[in-house]
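Visitor: I have a structure here, written as structure tokens, and I will follow up with some questions on it.
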Amino acid sequence: QVQLVESGGGSVQAGGSLRLSCAASGYTFSSYCMGWFRQAPGKEREGVATIYTGGGATNYADSVKGRFTISQDNAKNTVYLQMNSLKPEDTAMYYCAARSAVLSGRDCNWGRYEYNYWGQGTQVTVSS
């Protein structure tokens, strides 16, 4: 019964910043992967960033490298996505996701194993 609760979405002008938060609860394992995904209208869902809670190793999509930063606060069971220099193309529904890292270790890349726990999504809209 893993639950993920997202917050922090909203509307911002191009070049602005937002910080998304994802609070997790109900995990029965201590090591897991957390990820941010997004889906724009008419497009497939894509991975944005991931983090390994056991050591902090991260992965980023090429489109957000240098602009987005994923981080964690294990004491709060929360993962963040700091989004800077936002572009209109970043407009999408952003989803927080999680999975056990027992099999993968610190490799939390979204293409390796299925992220099977999902939040409800939070809308990010970037205007020009």
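The values are calculated or read from the model by the stated rules, or taken from the named source; none is laboratory data. Note that the coordinates shown come from a computational prediction; the quantities given were computed from them, not determined experimentally. Positions of Cβ are backbone-derived with ideal geometry, glycine not excepted, and every protein chain shown enters the neighbour counts. Side chains included, ligands, DNA and RNA excluded: accessible areas come from the protein's heavy atoms. Shrake-Rupley method; radii C 1.70, N 1.55, O 1.52, S 1.80 Å.
Visitor: May I ask you to list the lysines whose Cα is less than 25 Å away from that of Lys43, ignoring any residue fewer than eight positions away on the same chain?
Guide: Cα-Cα hits under 25 Å: Lys65, Lys87.
Visitor: With a/c under 1.5 counting as rounded, go ahead and sort segment 56-115 into rounded, prolate or oblate using the C-alpha gyration tensor (a ≥ b ≥ c being the square roots of the eigenvalues; past the cut-off, prolate if a/b is larger than b/c, else oblate).
Guide: The shape class here is prolate.
Visitor: Counting alpha carbon pairs within less than 8 Å and at least 6 residues apart, what relative contact order, in whole percent, applies to the chain? Could you put the intermediate results ahead of the total?
Guide: On the way: 317 pairs, mean separation 45.4, N = 128.
After rounding, I find 35 percent.
Visitor: Nearest 5 percent is fine: what portion of the DSSP beta bridges confined to the chain is antiparallel?
Guide: Percent antiparallel among DSSP bridges in the chain is about 90.
Visitor: Here's a follow-up. What are the extents of the Cα atoms of segment 1-63 along their three principal axes, listed from largest to smallest and rounded to whole Å?
Guide: Principal extents (Cα only, largest first): 39, 24, 23 Å.
Visitor: Eigenvalues of the Cα gyration tensor times 5, then square-rooted: what semi-axes does that give for the chain, in whole angstrom, largest first?
Guide: 24, 14, 13
Visitor: Counting Lys +1, Arg +1, Asp -1, Glu -1, what net charge surrounds Tyr113 among other residues with beta carbon under 10 Å of its beta carbon?
Guide: 0
Visitor: In Å², what does the accessible area per residue of segment 42-128 work out to with a 1.4 Å probe? Working shown, then result.
Guide: On the way: 4540 Å² over 87 residues.
That works out to 52 Å² for each residue.
Visitor: In whole percent, how big is the carbon plus sulfur part of the accessible area of segment 1-67, probe 1.4 Å, protein atoms only?
Guide: Working: 1480 of 3470 Å².
Answer for segment 1-67 is 43 percent, counting heavy atoms of protein chains only.
Visitor: Multiply the residue separation of Arg112 and Asp73 by 0.36 nm, subtract the distance between their alpha-carbon atoms, and state the gained length in nm to one decimal.
Guide: Here the segment from Arg112 to Asp73 would lengthen by 11.6 nm.
Visitor: How high is the FRET efficiency between Ala57 and Val2 when r is their beta carbon distance and R₀ equals 25 Å, given to the nearest 0.05?
Guide: Numbers: r = 21 Å, r/R0 = 0.83.
Computed FRET efficiency for Ala57 and Val2: 0.75.
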